[in-house]
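The structure appears below as structure tokens.
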Amino acid sequence: MNQVNTSVSSGSPDGLPPLRECYGEFKAFGWDHEPPDVVEWAAKHGYPNEIYVNAMDKLAKSLPENHIRITRVRDKKTYGDKICKMCLVIATNRSDKDRQRALDKELIESYRAVHGWDKPPQWFDYVPDF
């Protein structure tokens, strides 16, 4: 497994956030995006006029693992606490096995080969349902 810099200043030797405890802070590693980003992807790949939900389904079926994990996240560095975005999730801090996915460069590049977004994936704070 090729390893990637996950851009986290957690203090842990592997650069990963701590595992989520029962009521701890949930984090997601992936690409933040807006619904138009995914709709645009679908149009470029032969699925014009799709709504966001259908476009996400098309994207999911194109990914190496043939499924998709998405969640709402907050990028505090850029937007503070007010703006939520969607996140295409590669890894979370729910378990050590899932956390380690953030270090798998081959997995990350296989996702990037499908969606084509230039920005690097990063760790985000999860936004719970209200």
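The values are calculated or read from the model by the stated rules, or taken from the named source; none is laboratory data. This structure is a prediction, so every number in the text was calculated from the model and none was measured. Glycine gets a Cβ as well: all are built from the backbone with ideal geometry, and neighbour counts include every protein chain shown. What goes into the accessible areas is simple: the full protein's heavy atoms, side chains included, and nothing from ligands, DNA or RNA. Shrake-Rupley method; radii C 1.70, N 1.55, O 1.52, S 1.80 Å.
Figures for the structure shown
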item: Filtered residues of region 84-110 (kept if loosely packed, with under 15 Cβ neighbours inside 10 Å, free of Cβ contacts under 8 Å to residues at least 12 places away in the same chain and more than 24 Å from PRO36 (Cα to Cα)); result: LYS97
item: Any hit, region 112-123, residues being at pLDDT 90 or above, open to solvent by less than 70 Å² (accessible area, probe 1.4 Å), closer than 19 Å to GLY15 by Cα and among the charged types (D, E, K, R); result: no
item: Cβ-Cβ under 9 Å pairs, at least 6 apart or on other chains, region 48-63 side farther than 17 Å from GLY116 by Cβ and free of Cβ contacts under 8 Å to residues at least 24 places away in the same chain, far side open to solvent by 70 Å² or more (accessible area, probe 1.4 Å) and assigned to a helix (DSSP H, G or I); result: TYR52/PRO36
item: Test result for LYS76, open to solvent by less than 80 Å² (accessible area, probe 1.4 Å) and either at pLDDT below 85 or within 15 Å of GLY116 (Cα to Cα) (or both); result: no
